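Read through the structure below, which is laid out as structure tokens, and then see the notes.
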Amino acid sequence: MFRDLMKIKNYKLFLLDMILLGMALAITVPFFILYATQELGMTRGMYGIMMALFALAGFLVNTIVARFSDKADFKRKYMILFSLSMSCIAFSSYFFVQTPVIFIMMYVFFAGMGAPAMPQLYASARESINESASVKHAAFANTVLRSMFSFGFLFGPLVGTVLLKQFGYAGLFGGTILCYLTALLTIIIFYKEVEKKEVVREAGYVEPVTPNLLRDMFLLIPFLAFVFLHVGQWMYTLNMPLFVTEYLHAKEANVGYLASLCAGLEVPFMIILGIMSAKMETRTLLMIGAILGGGYYFSIGIFDNVVAMLIGQIGLAFFLAILLGLGISYFQDILPDFPGYASTLFSNAMIVGQLVGNLLGGFMSDIVGLSNVFFVSAAFVMLAFVLLIFTKPVRMEDIVE
């Protein structure tokens, strides 16, 4: 099965770039709030607003790009290159800006413009998969692809910890920029355009119309479920570093250990889940993941212990492996004729969840305290579980006029 995937056009390149994108984010993300609040002088609320605005900017840019990304004359390569360039500029703000408000403005604008890189990589991969003889392994191919992002996340926090200790925050942000630049160069050198073949339709075929998220409930319900799952996750991501360092008074290195352990467990879990997805319904796996993820967040407020959090990474990793590894395939299977739109729908659910999660996470930690904020995360995940109960299998006939 793996041998078949390696024959897909650009697939090896996509695997490498996913590792680089995972490392780029993981080097900085666990320590970003520490830099913003302790070095740059932001309040937790300001940081939450910055991340919420970034999520909103990414949502808007992704939505605009999705409108024309599935057209025959659209060249995904140039969109990916542009997005990676914008991400480089976003993290370069550290070297030029020391004012919180200006930093927020620059980061939100340029990072938002860089948001389409991930969904366009996924969409390009799906087109390559559809063109190949391995289309029957699409879900597995997507899962392996996403697992490489987690593989990069495995090393990212450890690399970030070393860079922070040796070179300070300059090394941290510089390492992220280097990862984005390397990905950009590999796309320039090795990327091959996928020719979209003209499909001959049988008599009586009804052309599916462009889906509408607000009109089509079969899209809206799973979209909202994914949003709530990500709200819970991003509230955790925002507050975990502060919880470990300020509430538990543990060393900063523990932040990197938690993030790396989770990412390391995600990789084998994603591979296993990719194989299981051929035998089990994706919705069932998502519901199992919601129980494990919500249970982990709930346990944090009970045990108040780093060791318990390290053990809990098993449940969290399984939850994220399902959410991030199978989510993209779930939406692409709903909309097989619109790979760009489907990938953007998945990404936008994560972005909206990130927006709400960061906004709520910043303010709720001030309102209920760091010791209780994870109960709120668990509540959102359980709400998503309820919504998943009411989702149903989708037929292509549901999106035709």
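Just checking the listed ones, ILE33, ILE102, ILE80: in the Gaussian network model of the chain with Cα springs under 10 Å, the one fluctuating most is ILE102. Between 0 and 90 degrees, the angle of helix 306-334 with respect to the longest Cα principal axis of the chain falls at about 20 degrees. Shown is the FRET efficiency for ILE189 and GLU131, computed with R0 = 30 Å from the Cβ-Cβ distance and rounded to the nearest 0.05: 0.90. A 1.4 Å probe run over the chain, with the rest of the protein chains in place, finds 42 Å² accessible per residue.
Build a GNM of the chain with springs between Cα atoms under 10 Å: which of ASN130, ASN358, ASN62 gets the top mean-square fluctuation? Residue with maximal mean-square fluctuation among ASN130, ASN358, ASN62: ASN130. Evaluated over the range 1-190, the count of Lys pairs having alpha-carbon atoms less than 18 Å apart is 5 (only pairs 8 or more residues apart or interchain). Toward the positive end of the charge dipole of the chain, with +1 on the Cβ of Lys and Arg and -1 on the Cβ of Asp and Glu, the farthest Cα among ALA263, GLN233, ILE104 is that of ALA263.
Extension gain, HIS249 to ASP366, is 40.4 nm, computed as 0.36 nm per intervening residue step minus the present C-alpha separation. For the chain, the longest principal axis of the C-alpha atoms and the axis of helix 373-389 are separated by about 20°. Across the chain, the mean sequence separation of Cα contacts (distance under 8 Å, 6 or more residues apart), normalised by length, yields a relative contact order of 29 percent.
Among ILE302, ILE19, ILE271, the largest mean-square fluctuation in a Gaussian network model of the chain (Cα springs under 10 Å) belongs to ILE302. Using the Kirkwood radius over Cα pairs, work out the Stokes-Einstein diffusion coefficient for the range 299-396 at 10 °C and 1.306 mPa s, in µm²/s as a whole number. Approximately 102 µm²/s, per Stokes-Einstein.
Per atom type, the chain shows carbon and sulfur on 68% of its accessible surface, probed at 1.4 Å.
Each 5 Å bin from zero up to the one holding the largest Cα-Cα distance in the range 1-190 carries the following percent of pairs: 1, 8, 15, 18, 20, 16, 10, 6, 4, 2, 0.
When +1 charges are put on Lys and Arg Cβ atoms and -1 charges on Asp and Glu Cβ atoms, the dipole computed for the range 217-390 relative to its Cα centre reaches about 180 debye.
The values are calculated or read from the model by the stated rules, or taken from the named source; none is laboratory data. No experiment lies behind these values; they were computed from the predicted model shown. So basically every Cβ, Gly included, is an ideal-geometry build from the backbone, and we count neighbours across all protein chains shown. Ligands, DNA and RNA are stripped out before the accessible areas are found, and what is left, the full protein with its side chains, is counted by its heavy atoms. Shrake-Rupley method; radii C 1.70, N 1.55, O 1.52, S 1.80 Å.
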